[in-house]
Amino acid sequence: MVERANKPKPPTLSSTPGLPPQATVTFSDDNSRVIAELPTGESVTVLLYGATVISWKDAQGDEKLWLSEAAKLDGSRAVRGGIPVVFPVFGTAPTHPQTKDLPQHGFARTSRWEFLGKSTSESQTGSAANGPAVKLDFGLSSAAPGLDPIAAARWPFKFNLIYSVTLTQTSLTTSIVVTNDDSAPFDCQVLMHTYLRVKDITAVQVQGLADASYIDKVDGGARKTQSAAEVTITGETDRVYTPAGDPGAGPVTVVEAGRPVYAVTRDNLSNVVVWNPWADKAQGIADFAPKDGFRNMICIEPGAVGAWQSLEAGDAFEGAQTITLLG
Ligand SMILES: O=P(O)(O)OC[C@H]1O[C@@H](O)[C@H](O)[C@@H](O)[C@@H]1O
């Protein structure tokens with residue numbers, strides 16, 4: 001069980017004032033995870049530990065995210081799967097003075113966030129109403145009781161994070177606002193480590209990265225350019241792409257067996273990491289199960305990790321991804 005500073009609240013279910021009765025959004029908050037379900041059946045589950053989205057289902061109940069069967073959901077380690085939040089460092093940065101002592105991917109994914117509240121609205125696609133949308137807000141600050149103690153010891157800056165998860169019938173958006181509440185500037189990186197579920201990785205093509213430059217972490221950090229129109233996964237893949245142009249310019253699309261299944265759009269996030277551990281690496285990751293689960297996942301990770309975001313005192317950085325279900 002997650003250790004709690006406060007006595008656990010009993011699970012609550014509530015409907016949403018302001019929406020007609022037939023458009024009731026249901027919520028459940030048991031002080032360890034928050035679940036929201038649209039009247040048409042789509043749902044999202046967010047663990048307070050890491051503010052990790054651990055489930056996103058469509059109206060048929062089909063899961064869209066991959067979550068390891070061995071993932072720890074009790075706060076003992078970062079969740080293997082779903083959408084962990086990476087902050088303030090991507091990977092490790094041994095030569096960066098401010099973050100060199102932090103663990104891989106920072107501490108946001110290993111801190112217990114606070115659930116700040118929920119809101120509902122009518123979502124729009126162009127001028128057409130698209131059913132209710134629900135937004136869940138989570139917060140983590142340098143003063144939070146749930147902050148991973150490593151953060152306070154090794155990254156002594158005052159900061160505030162607001163992370164919002166918005167569910168519509170056809171999409172999931174996660175957005176983050178990082179505010180520097182310190183009197184000194186700090187550098188940070190941000191990334192949403194999304195594990196998308198696929199049926200068969202060998203039938204997957206990733207479109208939208210043609211001509212993008214990338215760092216190939218499997219090839220010693222070599223700088224390369226994506227020459228093929230599509231990225232296919234045939235072995236361990238760990239690439240940090242920097243698509244040309246504005247991050248909002250075009251989606252990265254996951255196509256499976258010729259059918260587009262997910263479109264990932266970015267707002268103010270310049271990079272996209274494509275990661276699949278493949279067989280050998282998965283074998284060595286203790287909480288990766290089943291060991292052939294790499295066949296059912298592809299990480300498409302929008303982030304701002306190619307460079308440091310340098311925030312002056314009082315400055316904020318905001319970025320978001322939207323994953324849209326296609327077909
Ligand atoms: O095992 P972790 O810390 O969750 O990281 C998983 C992977 O995360 C990816 O984002 C990195 O590019 C990989 O290098 C890393 O192996």
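Listing for the model above:
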| read-out | value |
| --- | --- |
| Subset of region 229-248 that is open to solvent by 50 Å² or more (accessible area, probe 1.4 Å) and more than 20 Å from the chain's Cα centre (by Cα) - its residue that is nearest to PHE90 (Cα to Cα) | GLU236 |
| Selection from region 251-270 of residues that are under 22 Å from VAL177 (Cα atoms) and open to solvent by 10 Å² or more (accessible area, probe 1.4 Å) | PRO251, THR265, ARG266, ASP267, ASN268, SER270 |
| Region 81-99, subset away from the ligand (no atom under 12 Å from the Cβ) and touching a helix residue (DSSP H, G or I) at 6+ places or on another chain (Cβ under 9 Å), residue farthest from VAL305 (Cα to Cα) | THR99 |
| Boolean, VAL165 is part of a strand (DSSP E or B), away from the ligand (no atom under 16 Å from the Cβ), surrounded by fewer than 21 Cβ atoms within 10 Å (Cβ to Cβ) and modelled with pLDDT of 95 or more | no |
| Filter result (of a type in the set (A, V, I, L, M) and away from the ligand (no atom under 16 Å from the Cβ)) within region 262-285 | ALA263 |
| Sole residue being in a loop (DSSP other than H, G, I, E, B), under 16 Å from TYR195 (Cβ atoms) and among the basic types (Lys, Arg), chosen from LYS291, LYS281 | LYS291 |
| Qualifying residue in region 254-261 (condition: within 11 Å of the ligand (Cβ to nearest atom) and touching a residue at least 12 places away in the same chain (Cβ under 8 Å)) | no |
| Test: residue in region 200-210 that is open to solvent by less than 20 Å² (accessible area, probe 1.4 Å), over 18 Å from GLY91 (Cα atoms) and not in a strand (DSSP E or B) | yes |
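The values are calculated or read from the model by the stated rules, or taken from the named source; none is laboratory data. Quantities reported herein were computed from a predicted structural model and do not represent experimental measurements. In this analysis, Cβ positions are derived from the backbone assuming ideal geometry, glycine residues included, and neighbour counts consider all displayed protein chains. Only protein heavy atoms, including side chains, enter the accessible area calculation; ligands, DNA and RNA are left aside. Shrake-Rupley method; radii C 1.70, N 1.55, O 1.52, S 1.80 Å.
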